[in-house]
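A.B. asks: My questions all concern the structure below.
Any read-out appearing in this document is the output of simple, stated calculations on the displayed coordinates, not a laboratory observation. What you see is a predicted model; the values in this text were computed from it and never measured. Cβ atoms come from the backbone with ideal geometry, glycine included; neighbour counts cover every protein chain shown.
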Amino acid sequence: MQTITVSAKTFEKIISRLDQLGRAVEAISEKLETAPPYGSNEWWEWSEKRADEDIKAGRVTVMHNKKQLQQFLDSLKTS
């Protein structure tokens, strides 16, 4: 067994990206299984309902200004 040491910041980035990937896989799976045809009235209703659920669950990141957006984009840069 090999052990490596990483900074807390790097570890947090790894966990964050794994979480994002997990959400993406979940969203794709749901769309493939349950989504009505894209663009239909049913799809818009379904999409709005999902968006409301995501907001209530805190799975949405809101950028209120340019500085917050830049900080978020900078956090995505790889070292």
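A.B. asks: Determine the dipole magnitude for the chain: charges of +1 sit on the beta-carbon of Lys and Arg, -1 on that of Asp and Glu, nothing else is charged, the reference point is the Cα centre, and the result goes in debye to the nearest 20.
C.D. replies: Numbers: 12 positive and 12 negative charges, 119 e Å.
Charge dipole, the chain, about its Cα centre: 580 debye, nearest 20.
A.B. asks: Can you give me the three principal axis dimensions of the chain from its C-alpha atoms, in Å, biggest first?
C.D. replies: 50, 40, 21
A.B. asks: Would you list, by chain and number, the lysines whose Cα falls below 26 Å from the Cα of LYS77, excluding same-chain residues fewer than 8 positions away?
C.D. replies: LYS9, LYS13, LYS66, LYS67
A.B. asks: Can you compute the FRET efficiency between GLU48 and LYS9 using 1/(1 + (r/R0)^6), with r the Cβ-Cβ distance and R0 = 25 Å? Round to the nearest 0.05. Please report the intermediate quantities before stating the final value.
C.D. replies: Working: r = 36 Å, r/R0 = 1.45.
About 0.10, to the nearest 0.05.
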